[in-house]
Amino acid sequence: MTGMTLDELKETMTTHDEIEFSYCGEMYDFQKDPAESSRIKISVWRCGDNPECVYSIKIYDGDPFVDDLINAKIFPDGKSIVEGESDIDVEFFT
């Protein structure tokens with residue numbers, strides 16, 4: 001992974017609302033948005049001409065989610081963030 005380590009990415013997912021990263025040349029966007037009843041919507045989108053949500057979950061504020069997300073098979077080749085770590089480039093977070 002370039003741009004940050006896996007541990008830094010996990011921490012950034014808990015403290016920031018958006019992270020843009022690429023995997024094997026494709027752009028992805030991690031988003032954390034408020035939902036109804038003190039819940040938060042966590043989603044990851046594959047960007048491009050036809051954006052596709054590859055991961056989505058609603059949690060209560062403060063619930064752990066990072067380990068489930070980084071181990072979910074979100075990439076087209078069936079890999080997770082953990083498995084594809086060497087091919088990920090974190091480009092932006094806010």
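The values are calculated or read from the model by the stated rules, or taken from the named source; none is laboratory data. It should be emphasised that the depicted structure is a prediction, and the values quoted were computed from it without experimental measurement. Areas reflect the complete protein model, heavy atoms only, side chains present, ligands, DNA and RNA absent. Shrake-Rupley method; radii C 1.70, N 1.55, O 1.52, S 1.80 Å.
Before moving on, here are some points about what is shown:
- Rounded to 5, percent antiparallel among DSSP beta bridges of the chain: 95 percent
- Taking Ile59, Ile70, Ile19 as the candidate residues, the one with maximal mean-square fluctuation in a Gaussian network model of the chain, Cα springs under 10 Å, is Ile59.
- Solvent-accessible area per residue, Å², over the chain with all protein chains present [probe radius 1.4 Å]: 57 Å²
- The lysine pair count for the chain, using Cα distances under 14 Å and pairs eight or more places apart or on different chains, is 4.
- When the helices of the chain are scored as -39500 (n - 2.57) per DSSP H run of n ≥ 4 and the total is divided over every residue, the value at 222 nm lands at -4500 deg cm²/dmol.
- Rh (Kirkwood; distinct C-alpha pairs) - the chain, Å: 13.4 Å
- For region 49-94, the convex hull drawn through the C-alpha positions has a volume of 122 cubic angstrom per residue.
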